[in-house]
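S.K.: Pasting in a structure now, in structure tokens, and then I'll have a few things to ask.
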Amino acid sequence: MKDLIQTIGINPILKDHWVRTMIVSLALIVFTWPDHEAAFLPNLDGSYFAVLNWFAAYDFSTLKDVNFTFGPLGFLKNTVAVGDNVIWGHIMTFVTRIGFLVLLFRTTREDGNSILIALLAYLYCCFFNLDFFLYGLTLISLLHFSKKQNLWVLAIPVSLISIGFLIKVNIGLNTLLIYGSWLLYHSISSRAYKFLLLNSASIILVYFIFWLVLFQSFQGSIELIRGYISYVLTNSDSVSIFPPNSALALTFLFICICLIYYLGIKDKQTRWLFVSTPLFLFATYKYSFGRQAGNHSGEFLMLLFFVAFFLLIESKKRLGVQHVLIFLAIMFYEYNLSVNQTFPGNKRLRPYIGASNFVSQIFRYGSYKTKWENKSKENLEHAKLPEKWLKEIGDEKIDFFPWELNYFIPNKLNYQPRPGLMFGGFPNSINKKNVELYGGDGAPEYLIWEKWKYTGQVGGIDKQYLFNTDGTFLREIIFRYRVIKERGRDMLLKRREPKFVVKESGQETYSWGNPIVLPELDSGQAMFIRMEASYNLKGWIQEKFYKAKRPLIEYHLENGKTISYEFTRLSMEEGIWIQPYIEKVNTELQGQRVNRIVFNQPEECCIFKDRFHVNWYLIKQN
């Protein structure tokens, strides 16, 4: 066999490092190709991916005006069998993995142990998502530069920052934090300030070039970044799904992390790594605990493993103090996930039968796409509307509220996404854009409101009263639309001239826990407030470095019932609904009279100053 290989001339080829690298890389990609269910799905997460995929396939330019947590390339996070989206997803999967592997092999080829650890890092990424291949590609590019000093390799992280922002806010931000931290350290330590300026300018320039290639104009490019900044600043307003944590485990976790970074900065061999990752670590930690669900908490655990792998690759001393500390940190965090019953690993691992996945998705693409197209039709059966509704709507513009957006696909409706896309705790700047749209000539003529979601007709997704979430936008809907048809869970609303106006009716200062007696209102009137409440020192520390708990509002109804909801800092600014308590969705302000309300500090945790200021607003018929 050896003689045969030499005879046909394969041996010299195999001796070439590039050829061996490509062969091994391609084999690894084939045998770790991910399973992917490419169907439209109902409900909240499925809805926004449905919109991103549909418009990416058929009207891509529309996505430049959407200011969501996902950018115009957000469909790449979860491609659906519509248009050529799955093909683009395959290309993204292949390019990120081949780039990751080739750079790993080229960087670590002199050290057998490093190659083994690098392969483990790659296999670890395979169990998760696109995000960490982009982070890994950024880090391995910096590792390659630190060893080889090849300037061309820095074009990779510069490009990945733009691609990341075009996919999702946290991907772009984390990639920027990794590269930006390293860039600042390298430029200052080398006194290469021109290098810093040129790279910073390159990041901005490449982003605008990508945008120009996608949309042939710069419209929406700056608005996307402004929206992302708003989302980042309000991330802590989301509810923690698994709030109980082990204070002891988290304390030791961060002691370990602080010691790791202290030792890392002192060690010249690994300094670049420990300069590049602390801001990334903190951002991922805030993101993870912002919601603390399985997917979110898993991001922080993945990052700890990731730093461990890169530390093992870079460090010449095996199993030093830094390695022990980082694996202790992983153990403490894993213990905390057990305490709060998150268990992200069990939820995140997906079936990987790489070779069969590769064959079915690549070589049998036609049948693969048909399978998921049929599954999409089945999944969207619930969204089909009655013929009478479709005749009423015709070709008029339509929008959907609050979370189910899939109606436009099976019913072929004239849907144009609003800037905020969905509903539920959006920053004020995004809500303002939604309000401007609904108040202008481009407003949709019809609106479908899906009732009975999560916690009844008026329950929000984050333990909030629906009317206390995105209050400015919700009031705009009530003022400008009326219910014309109802069917089970769905209501059809039609645009009308504004029926109500808002008038400021006073202001006052109150204390937490004290009942506030409400005045009687005439029929067709309502009331809401805006609050100004300041954190005390404890609350400020919680908000900045972890996650502040939410205050509560109690509605004491005339019929004797008391109903309690959490509310957020955004709700204070957007407006908290006071009177009447609307328990069945309607646009005529019909509901239960509220005798008094009580604002309470978060349970067992006083994080606000004793007094808060309230502005009262009266809603009355125009």
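The values are calculated or read from the model by the stated rules, or taken from the named source; none is laboratory data. All of these numbers come straight from a predicted model, not from anything done at the bench. So basically every Cβ, Gly included, is an ideal-geometry build from the backbone, and we count neighbours across all protein chains shown. SASA here: full protein model, heavy atoms, side chains in, ligands and nucleic acids out. Shrake-Rupley method; radii C 1.70, N 1.55, O 1.52, S 1.80 Å.
S.K.: Pairs under 7 Å by beta carbon, first residue under 21 Å from E543 (Cβ atoms) in segment 273-287, partner among the aliphatic types (A, V, I, L, M) and open to solvent by 20 Å² or more (accessible area, probe 1.4 Å), six or more apart or different chains?
M.R.: L279/L177; F280/L177; A283/L173; A283/L177
S.K.: Now for a separate question. Of the numbered conditions (1) modelled with pLDDT of 90 or more; (2) among the polar types (S, T, N, Q); (3) more than 34 Å from the chain's Cα centre (by Cα), Q579 fails exactly one; give the number of that condition.
M.R.: If we test Q579 against (1) modelled with pLDDT of 90 or more; (2) among the polar types (S, T, N, Q); (3) more than 34 Å from the chain's Cα centre (by Cα), just (3) comes out false.
S.K.: Another question, if that's okay. Report, ordered by the first and then the second residue, all pairs with beta carbons closer than 6 Å, sequence separation of six or more or different chains, a first member in segment 304-316 that is farther than 19 Å from Y285 by Cβ and of a type outside the set (D, E), and a second member that is open to solvent by less than 10 Å² (accessible area, probe 1.4 Å) and at pLDDT below 75.
M.R.: Close Cβ pairs satisfying both conditions: I313/S114; I313/A118; S315/T270.
S.K.: Can you list residue pairs whose Cβ atoms sit under 9 Å apart, with the first residue in segment 193-208 being farther than 17 Å from W182 by Cβ and the second being loosely packed, with under 12 Cβ neighbours inside 10 Å? Count only pairs 6 or more apart in sequence or on different chains.
M.R.: Cβ pairs passing all conditions: F208/F218.
S.K.: Where the second residue is assigned to a helix (DSSP H, G or I) and of a type in the set (A, V, I, L, M, F, W, C) and the first is farther than 13 Å from S202 by Cβ and lies in segment 147-160, which pairs have Cβ atoms under 8 Å and are six or more apart or on separate chains?
M.R.: Cβ pairs passing all conditions: V153/L103; V153/F145.
S.K.: Still on this structure, I have one more. Tally up the residues in segment 431-442 that are under 14 Å from I478 (Cα atoms) and assigned to a loop (DSSP other than H, G, I, E, B), please.
M.R.: So the first thing to find is which residues in segment 431-442 are under 14 Å from I478 (Cα atoms), and the list is 434-435, 438-439.
If we keep only those that are assigned to a loop (DSSP other than H, G, I, E, B) too, we end up with none.
Total meeting the criteria: 0.
S.K.: For segment 184-193, does any single residue satisfy the condition of being surrounded by 20 or more Cβ atoms within 10 Å (Cβ to Cβ) and at pLDDT below 95? Don't jump to the end; show me each part of the working.
M.R.: Looking only at segment 184-193, we keep the residues that are surrounded by 20 or more Cβ atoms within 10 Å (Cβ to Cβ), and these are 186.
Applying the additional criterion that residues be at pLDDT below 95 yields 186.
Yes - at least one qualifying residue is present in segment 184-193.
S.K.: Given (1) at pLDDT 90 or above; (2) over 20 Å from W512 (Cα atoms); (3) in contact with a helix residue (DSSP H, G or I) (Cβ under 7 Å, 6 or more places away or on another chain), identify the lone condition not met by Y546.
M.R.: (1)
S.K.: Still on this model: What's the number of the only condition in (1) within 25 Å of F274 (Cα to Cα); (2) open to solvent by 50 Å² or more (accessible area, probe 1.4 Å); (3) of a type outside the set (D, E, K, R); (4) over 20 Å from the mean Cα position of the chain (by Cα) that L139 fails to meet?
M.R.: For L139, the failing item is (2).
S.K.: Further question on the same structure: Out of segment 215-243, which residues are modelled with pLDDT of 90 or more and hydroxyl-bearing (S, T, Y)?
M.R.: Those that are modelled with pLDDT of 90 or more and hydroxyl-bearing (S, T, Y): S217, S221, Y228.
S.K.: Enumerate the pairs (first residue in segment 604-616 and under 9 Å from Y535 (Cα atoms); second residue anywhere and part of a loop (DSSP other than H, G, I, E, B) and of a type in the set (D, E, K, R)) with beta-carbon separation below 8 Å, excluding pairs fewer than 6 apart on the same chain, so at least 6 apart or on different chains.
M.R.: Pairs that qualify, where the first residue is under 9 Å from Y535 (Cα atoms) and the partner is part of a loop (DSSP other than H, G, I, E, B) and of a type in the set (D, E, K, R), are I607/K549.
S.K.: Considering every residue within segment 563-583, establish whether at least one is touching a Lys or Arg at 6+ places or on another chain (Cβ under 7 Å), assigned to a loop (DSSP other than H, G, I, E, B) and open to solvent by 40 Å² or more (accessible area, probe 1.4 Å).
M.R.: No: segment 563-583 contains no residue that is touching a Lys or Arg at 6+ places or on another chain (Cβ under 7 Å), assigned to a loop (DSSP other than H, G, I, E, B) and open to solvent by 40 Å² or more (accessible area, probe 1.4 Å).
S.K.: Among the candidates A50, A57, single out the residue that is at pLDDT 90 or above, over 30 Å from T270 (Cβ atoms) and surrounded by fewer than 21 Cβ atoms within 10 Å (Cβ to Cβ).
M.R.: Details: A50 fails: surrounded by fewer than 21 Cβ atoms within 10 Å (Cβ to Cβ).
Every option except A57 fails the conditions.
S.K.: For segment 263-277, give me the residue count where each residue is out of contact with any Asp or Glu (no Cβ under 9 Å at 6 or more places or on another chain) and either at pLDDT below 80 or open to solvent by 50 Å² or more (accessible area, probe 1.4 Å) (or both). Before you say what the answer is, go through the steps one by one.
M.R.: Keep residues of segment 263-277 that are out of contact with any Asp or Glu (no Cβ under 9 Å at 6 or more places or on another chain), which gives 263-268, 271, 275-277.
Pick out the ones that are also either at pLDDT below 80 or open to solvent by 50 Å² or more (accessible area, probe 1.4 Å) (or both) and you get 263-268, 271.
The number of residues fulfilling the criteria is 7.
S.K.: Which condition breaks for L233 when tested against (1) touching a strand residue (DSSP E or B) at 6+ places or on another chain (Cβ under 7 Å); (2) open to solvent by 70 Å² or more (accessible area, probe 1.4 Å)?
M.R.: So the condition that L233 fails would be (1).
S.K.: In segment 403-419, what residues are assigned to a loop (DSSP other than H, G, I, E, B), touching a Lys or Arg at 6+ places or on another chain (Cβ under 7 Å) and over 21 Å from R489 (Cα atoms)? Walk me through how you get there before you give the answer.
M.R.: Initial filter on segment 403-419 (assigned to a loop (DSSP other than H, G, I, E, B)): 403-407, 412-413, 416-419.
Cutting the leftovers down to touching a Lys or Arg at 6+ places or on another chain (Cβ under 7 Å) gives us 403, 416, 419.
The answer is Q416, P419.
S.K.: If you don't mind, another one. Of the residues E373, E404, E392, which single one is under 26 Å from E436 (Cβ atoms) and either open to solvent by less than 70 Å² (accessible area, probe 1.4 Å) or touching a residue at least 40 places away in the same chain (Cβ under 8 Å) (or both)? Steps first, please.
M.R.: Details: E373 fails: under 26 Å from E436 (Cβ atoms); E392 fails: under 26 Å from E436 (Cβ atoms).
Sole residue among the options that is under 26 Å from E436 (Cβ atoms) and either open to solvent by less than 70 Å² (accessible area, probe 1.4 Å) or touching a residue at least 40 places away in the same chain (Cβ under 8 Å) (or both): E404.
S.K.: Please list, ordered by first then second residue, the pairs with beta carbon atoms under 9 Å, 6 or more apart or interchain, first in segment 349-365 and modelled with pLDDT under 55, second among the β-branched types (V, I, T).
M.R.: The qualifying pairs are Y352/T32.
S.K.: Give S523, S534 a once-over and let me know the one that is in contact (Cβ under 8 Å) with a residue 24 or more places away in the chain and either open to solvent by 60 Å² or more (accessible area, probe 1.4 Å) or under 25 Å from N431 (Cβ atoms) (or both). Steps first, please.
M.R.: On the way: S523 fails: in contact (Cβ under 8 Å) with a residue 24 or more places away in the chain.
From the options S523, S534, the qualifying one is S534.
S.K.: Related question: Yes or no: I203 of a type in the set (A, V, I, L, M), more than 15 Å from the chain's Cα centre (by Cα) and either open to solvent by less than 50 Å² (accessible area, probe 1.4 Å) or at pLDDT below 90 (or both)? Can you show your working first?
M.R.: Values: of a type in the set (A, V, I, L, M): yes; more than 15 Å from the chain's Cα centre (by Cα): yes; either open to solvent by less than 50 Å² (accessible area, probe 1.4 Å) or at pLDDT below 90 (or both): yes.
Judged against the criteria, I203 is a match.
S.K.: Working only within segment 70-90, note down all residues that are out of contact with any Ser or Thr (no Cβ under 9 Å at 6 or more places or on another chain) and farther than 14 Å from I163 by Cα.
M.R.: Selection gives N78, T79, G83, D84.
S.K.: Test K549 against the criterion of being part of a loop (DSSP other than H, G, I, E, B) and either more than 26 Å from R611 (Cα to Cα) or open to solvent by 30 Å² or more (accessible area, probe 1.4 Å) (or both), and give yes or no. Walk me through how you get there before you give the answer.
M.R.: Values: part of a loop (DSSP other than H, G, I, E, B): yes; either more than 26 Å from R611 (Cα to Cα) or open to solvent by 30 Å² or more (accessible area, probe 1.4 Å) (or both): yes.
In short, yes.
S.K.: Turning to a different aspect of this structure: In segment 453-460, is there at least one residue being within 23 Å of L385 (Cα to Cα), hydroxyl-bearing (S, T, Y) and either open to solvent by 10 Å² or more (accessible area, probe 1.4 Å) or part of a loop (DSSP other than H, G, I, E, B) (or both)? Spell out how you get there, then give the answer.
M.R.: Going through segment 453-460, the residues within 23 Å of L385 (Cα to Cα) turn out to be 453-454, 456-458.
Then drop every residue that is not hydroxyl-bearing (S, T, Y), which leaves 454.
Remaining after also requiring either open to solvent by 10 Å² or more (accessible area, probe 1.4 Å) or part of a loop (DSSP other than H, G, I, E, B) (or both): 454.
Yes: one or more hits.
S.K.: Also: On the basis of being assigned to a loop (DSSP other than H, G, I, E, B) and modelled with pLDDT of 90 or more, does G513 make the cut?
M.R.: Values: assigned to a loop (DSSP other than H, G, I, E, B): yes; modelled with pLDDT of 90 or more: yes.
Criteria met by G513.
S.K.: For segment 75-88, enumerate the residues that are over 15 Å from G46 (Cα atoms) and either open to solvent by 10 Å² or more (accessible area, probe 1.4 Å) or aliphatic (A, V, I, L, M) (or both). Quick ask: steps written out before the conclusion?
M.R.: First, the residues of segment 75-88 that are over 15 Å from G46 (Cα atoms): 83-88.
Answer for segment 75-88, where residues must be over 15 Å from G46 (Cα atoms) and either open to solvent by 10 Å² or more (accessible area, probe 1.4 Å) or aliphatic (A, V, I, L, M) (or both): G83, D84, V86, I87, W88.
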